[in-house]
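S.K.: One structure coming up, written as structure tokens, with questions to follow.
The values are calculated or read from the model by the stated rules, or taken from the named source; none is laboratory data. All values derive from a computational prediction rather than experimental measurement. Every residue, glycine as well, gets a Cβ built from its backbone with ideal geometry; the counts of neighbours run over all protein chains shown.
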Amino acid sequence: MASKNRTQEYFVQLSPDEVPTSWYNIQADLPEPLPPPLDPSTGKPLNPASLERIFARELVGQEVSTKRFIKIPDEVLDAYLRLPRPTPLYRARRLEEYLHTPAQIYFKCENFSPTGSHKTNTAIAQAYYNKKQGIKKLVTETGAGQWGTALALATNLFDLGCRIFMVRASYQQKPGRRIIAQLYGAEMFPSPSDQTNFGRKLLKDDPNHPGTLGIAISEAIEETLTNENFRYSLGSVLNHVLMHQTIIGQEAKKQFEQIDAHPDVICGCIGGGSNFAGFCFPFMMDRLKGKSNTEFVACESKAVPHTTRGVYTYDFGDTAKMTPLLKMLTIGHDYACPPIHAGGLRYHGMAPLLSYLICKDYVRSIAYGQTEVFEAARILAQTEGMIAAPETTHSLKYVMDEALNCKKTDEKKIIAMNYSGHGLLDLTAYEQFLSGKLVNYEPVKIEVPTFSY
């Protein structure tokens, strides 16, 4: 018993038989239904069946389901255990000591996946459902490459083809993730690319276009529609994607119960919303039921301020306007995202589920600049030895600020963060930071479209 308690001072671990066997669907507990996706040609609610040419049938069903828990298939659960899951809950004691804070800081460590981030949790599920339906190839986009490498791994596990359009700025900044995806057998193209009509059009206007996630999504959807045996796979934003990630928060709840503790503040970075939702939604369930006063904080980039400066309205999920209209916080599908190193945060919109919770004041959002989050990462590296992904550093900055505020107020808060990925493939960004060459990008012109019918 003494040995176990000593271990729990640093790591709280679950056994493999404690891995959750169902995903949590927060749609069951919302005060009201989400505004439905709209058909852009009519302005009327979209028939979900029309999405089955783009997504696997069972994923479309999960997208609109209001069932509170959806069973994880045995094949998916087996793949989770091999990642491995469960992942540890880590107490950052040396960081606490460095900050001289009475607060306790915990990280849910999603960096132990073979591809280094939380993205495998939904990649495996999506690959499984597509394989079960008889699909031959998945097509997708990726920003920093965390999602692309995760889907490349998952399609390899289920013997599917994989084609990935990677945002050009990240394709050039992060060759390591491109190489990993190719090693798993995926095809990888810088977006905008010469593989699609939309990509060729953009390259004609600007041969050095840095790309955005919205553009890469457009290319992936265009490519998907070229072959009946192709389907599109998305790494964030949609309801079923966020739901697959809730295995993270369900594990974390069990881990906090093991040490008889409950977080006062829960945070994570936000690009499309998947890692934040996966960690936070199982705790949010208690908040929605009036059983918890936990504070939820979502952290984004000042250069892509989709929740702190966005508008809650209907917008396209991609730049070429090929998707349905989604009610979300957005800075406009034409927004030219600056080439920050946190490529996973370079998306114009926020997941409809998370947008709803922010607008209803269940979640607070905050934005940080590129240099200040890398300074937080430097402190983490020199205290805990952990090198965080650029995306993850945004929530890390908030954790440190909140811990220092607790020092001023002498509050012994428990602060929990989803450590969504490692930065060992982002060392070029760290090199720029250490040499003083890292740029702080300001938001470009924001024009949010309005739609009338």
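S.K.: Return yes when Leu14 is more than 23 Å from the chain's Cα centre (by Cα), at pLDDT 95 or above and not assigned by TED's automatic domain parsing to the domain that holds Lys360 and no when it is not.
M.R.: For Leu14, the condition - more than 23 Å from the chain's Cα centre (by Cα), at pLDDT 95 or above and not assigned by TED's automatic domain parsing to the domain that holds Lys360 - is met.
S.K.: Looking at the structure I just gave you, is Thr196 crowded, with 18+ Cβ neighbours inside 10 Å, over 18 Å from Leu138 (Cα atoms) and out of contact with any Gly (no Cβ under 8 Å at 6 or more places or on another chain)?
M.R.: no
S.K.: Let me ask you something else. Taking segment 62-76, which residues are of a type outside the set (D, E, K, R) and surrounded by fewer than 18 Cβ atoms within 10 Å (Cβ to Cβ)?
M.R.: Val64, Ser65, Thr66, Phe69, Pro73
S.K.: Among the strands (runs of 3 or more DSSP E) lying completely within segment 309-417, list those that include at least 2 residues that are closer than 30 Å to Glu223 by Cβ.
M.R.: By residue number, 311-316, 325-330.
S.K.: Being touching an Asp or Glu at 6+ places or on another chain (Cβ under 6 Å) and touching a residue at least 40 places away in the same chain (Cβ under 8 Å) is true for just one of Arg163, Arg200. Which residue is that?
M.R.: Arg163
S.K.: Could you list, in sequence order, the residues of segment 39-75 that are over 30 Å from Pro20 (Cβ atoms) and in contact with a Phe, Trp or Tyr (Cβ under 6 Å, 6 or more places away or on another chain)?
M.R.: Selection gives Gly43 alone.
Let's see how each residue does on (1) farther than 21 Å from Gln250 by Cβ; (2) surrounded by fewer than 24 Cβ atoms within 10 Å (Cβ to Cβ); (3) touching an Asp or Glu at 6+ places or on another chain (Cβ under 7 Å):
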residue	(1), (2), (3)
Glu96	yes, yes, no
Leu99	yes, yes, no
Pro102	yes, yes, yes
Cys109	no, yes, no
Phe112	no, yes, no
His118	no, no, yes
Thr122	no, no, no
Gln126	no, no, no
Asn130	yes, no, no
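S.K.: Right, something else. For the subset of segment 17-51 comprising residues that are over 18 Å from Phe283 (Cβ atoms) and among the polar types (S, T, N, Q), which member is modelled with the highest pLDDT?
M.R.: Among those that are over 18 Å from Phe283 (Cβ atoms) and among the polar types (S, T, N, Q), it is Thr21.
S.K.: Being at pLDDT 95 or above, touching a Pro at 6+ places or on another chain (Cβ under 6 Å) and not charged (D, E, K, R) narrows it down to one of Leu202, Leu238, Leu242, so name that one.
M.R.: Being at pLDDT 95 or above, touching a Pro at 6+ places or on another chain (Cβ under 6 Å) and not charged (D, E, K, R) holds for just one of Leu202, Leu238, Leu242, which is Leu202.
S.K.: When the residues of segment 400-421 are narrowed to those that are out of contact with any strand residue (DSSP E or B) (no Cβ under 7 Å at 6 or more places or on another chain) and surrounded by 18 or more Cβ atoms within 10 Å (Cβ to Cβ), which ends up farthest from Pro338 (Cα to Cα)?
M.R.: Checking each candidate, the answer is Cys406.
S.K.: Also, I was wondering about something else. Might you check whether a residue that is of a type outside the set (S, T, N, Q) and surrounded by fewer than 17 Cβ atoms within 10 Å (Cβ to Cβ) occurs anywhere in segment 162-173?
M.R.: Scanning segment 162-173 turns up no residue that is of a type outside the set (S, T, N, Q) and surrounded by fewer than 17 Cβ atoms within 10 Å (Cβ to Cβ).
S.K.: To continue, here is another question. Please name all residue pairs, on different chains or six or more residues apart, with Cβ atoms under 6 Å, provided the first residue is in segment 275-296 and is under 20 Å from Met350 (Cβ atoms) and in the same structural domain as Glu110 (by TED's automatic domain parsing) and the second residue is in a loop (DSSP other than H, G, I, E, B) and among the hydrophobic types (A, V, I, L, M, F, W, C).
M.R.: Correct list of pairs: Phe276/Ile270; Phe296/Val363.
S.K.: Select, from Tyr368, Tyr347, the only residue that is at pLDDT below 95, within 27 Å of Val265 (Cα to Cα) and surrounded by 19 or more Cβ atoms within 10 Å (Cβ to Cβ).
M.R.: Result: Tyr347 is the single residue among Tyr368, Tyr347 that is at pLDDT below 95, within 27 Å of Val265 (Cα to Cα) and surrounded by 19 or more Cβ atoms within 10 Å (Cβ to Cβ).
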